[in-house]
Amino acid sequence: MPEPNEEFQELMRRVVERSDGAARELLQRYEPYLLFAIRRRLNRRMRSKFDSLDFAQDVWASFFTSPAEGRTFQSPRDLAAFLARVARNKVIDAVRQRLQTKKRDLQREQSLDDSRCFDQERLTGPEATPSTLAGREEQWAQYVGSQPLVYQRILLRLREGATLDTIAGELNISPRTVRRVATRLYAGWSA
């Protein structure tokens, strides 16, 4: 049976050779230590913004993409210490970025749900939403389509901004007829 240190050296040799099985084995063995190191350093206020696994993936990405020539680990403890150090540095960078700079400062964030600065009823604008407008447009098209052809033409020309006299001239009918039809149709639409 190989000694634990010889087994570790063999695993590291396979990792350097880019063996998928070795990488999986390394992840399975050292992920718990890495997550512990991350969670120990992660600020309480940042836990809602970051997942420990995000940092772990970042550490593993750095580990597997950086050149392995300058790194040699004599024991599993050396590797665990190295991973913990990389994790600590990544967490510290994120803390600095999120808690010590004004641009992304978590302390400046304020939930609109709990806010006393805003009248929550007035947060939505008075204008209709795009989905409401689309729904109204669809209803209008159905309503116009259900009318006789002459009435459809009157409604469409009125919507385009044509005057009653212009529409009457185009359709060869009386302006009073156009007004009567338009009044009746608009009343039916709004009902």
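Nothing in this text is a laboratory measurement; each read-out follows from the coordinates by a stated rule. Everything numeric in this text was worked out from a predicted model, so none of it was measured. Cβ sites come from the backbone with ideal geometry, for glycine too, and all protein chains shown count toward neighbours.
Working ranking of peptides 160-171, 129-140 by packing, defined as the average number of other Cβ atoms within 10 Å per residue, highest first, is 160-171, 129-140.
Prolate is the label for the stretch 4-108, because the ratio a/c of its alpha-carbon gyration tensor axes (a ≥ b ≥ c) is 1.5 or higher and a/b is greater than b/c. Scattering from the C-alpha atoms of the stretch 130-190 alone, worked out with Debye: what is log10 I(q)/I(0) at q = 0.11, 0.12, 0.18 1/Å? Each listed q corresponds, in turn, to -0.25, -0.30, -0.62. Couplings 3J(HN,Hα) for the stretch 79-88, derived from phi with the Karplus relation 6.51 cos²θ - 1.76 cosθ + 1.60 (θ = phi - 60°), are 5, 4, 5, 4, 4, 5, 5, 5, 4, 4 Hz, where x marks Gly and Pro.
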